[in-house]
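Q: Pasting in a structure now, in structure tokens, and then I'll have a few things to ask.
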Amino acid sequence: MLIYKIFRADEWADLQAEGETDGAPIDLTDGYIHFSTAETVAETAAKYFTDIEGLVLLAVETDGLDPLKWEPARAGVLFPHLYRKLRLADIVWDAPLPLIDGHHQFPDLT
């Protein structure tokens with residue numbers, strides 16, 4: 001199963017340069033890396049990344065991603081949280097999230 005991480009351009013550039021990351025500022029604060037599912041990632045973008053340009057969507061395969069925990073978050077929905085650094089090798093693919101008319105445009109996640 002693929003899960004998704006939204007990064008700002010500088011966070012993505014840092015991951016590419018360093019090969020691993022502790023995540024975005026919210027990840028550092030919470031002590032784990034926040035991910036979304038295909039069903040929740042657009043809501044995540046709308047809630048936390050409104051009007052931010054230059055975003056990148058990262059897809060990560062859950063198989064072998066350890067320690068990954070599914071924990072309740074918004075409205076009790078389970079979200080995947082990674083309790084280690086995110087490694088460049090974990091990334092299956094990346095895609096830009098262009099901002100058009102105030103909405104981020106997602107690739108097909110099905």
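Q: Anything in the stretch 24-36 that is surrounded by 14 or more Cβ atoms within 10 Å (Cβ to Cβ) and of a type in the set (Gly, Ala, Ser)? List them, or say none. Quick ask: steps written out before the conclusion?
A: Residues of the stretch 24-36 that are surrounded by 14 or more Cβ atoms within 10 Å (Cβ to Cβ), as a first pass: 24, 27, 32-36.
Residues satisfying the conditions are Ala24, Ser36.
Q: Would you tally the residues in the stretch 50-71 being loosely packed, with under 12 Cβ neighbours inside 10 Å and closer than 24 Å to Asp10 by Cβ?
A: The number of residues fulfilling the criteria is 2.
Q: Has the stretch 72-83 got any residue that is loosely packed, with under 14 Cβ neighbours inside 10 Å and hydroxyl-bearing (Ser, Thr, Tyr)?
A: The answer is yes; a qualifying residue exists.
Q: What single numbered condition from (1) surrounded by 12 or more Cβ atoms within 10 Å (Cβ to Cβ); (2) closer than 21 Å to Leu109 by Cβ; (3) without any contact (Cβ under 8 Å) to a residue 24 or more places away in the chain fails to hold for Glu39?
A: (1)
Q: Can I ask one more? Mind listing whichever residues of the stretch 2-23 are within 24 Å of Asp51 (Cβ to Cβ) and surrounded by fewer than 18 Cβ atoms within 10 Å (Cβ to Cβ)?
A: Residues satisfying the conditions are Arg8, Ala9, Asp10, Ala13, Asp14.
Q: Scan Ala95, Ala89 and give me the residue that is among the small types (Gly, Ala, Ser), on the phi < 0 side of the Ramachandran plot and surrounded by 12 or more Cβ atoms within 10 Å (Cβ to Cβ).
A: Numbers: Ala89 fails: surrounded by 12 or more Cβ atoms within 10 Å (Cβ to Cβ).
Only one candidate qualifies: Ala95.
Q: May I ask you to verify whether Thr44 is over 21 Å from Asp108 (Cβ atoms) and among the polar types (S, T, N, Q)? It would help to see each step written out before you state the result.
A: Numbers: over 21 Å from Asp108 (Cβ atoms): no; among the polar types (S, T, N, Q): yes.
When the stated conditions are applied, Thr44 does not pass them.
Q: Within the stretch 95-107, work out how many residues are in a loop (DSSP other than H, G, I, E, B) and modelled with pLDDT of 95 or more. Before you say what the answer is, go through the steps one by one.
A: Of the residues in the stretch 95-107, the ones in a loop (DSSP other than H, G, I, E, B) are 98, 101-102, 105-107.
Retained after the next criterion (residues that are modelled with pLDDT of 95 or more): 98, 105-107.
Final tally of qualifying residues: 4.
Q: Output the number of the condition that Asp94 fails; it satisfies all remaining conditions of (1) more than 14 Å from Glu11 (Cβ to Cβ); (2) touching a residue at least 24 places away in the same chain (Cβ under 8 Å).
A: (1)
The values are calculated or read from the model by the stated rules, or taken from the named source; none is laboratory data. All values derive from a computational prediction rather than experimental measurement. Positions of Cβ are generated from backbone atoms using ideal geometry, with glycine treated the same way; all protein chains shown enter the neighbour counts.
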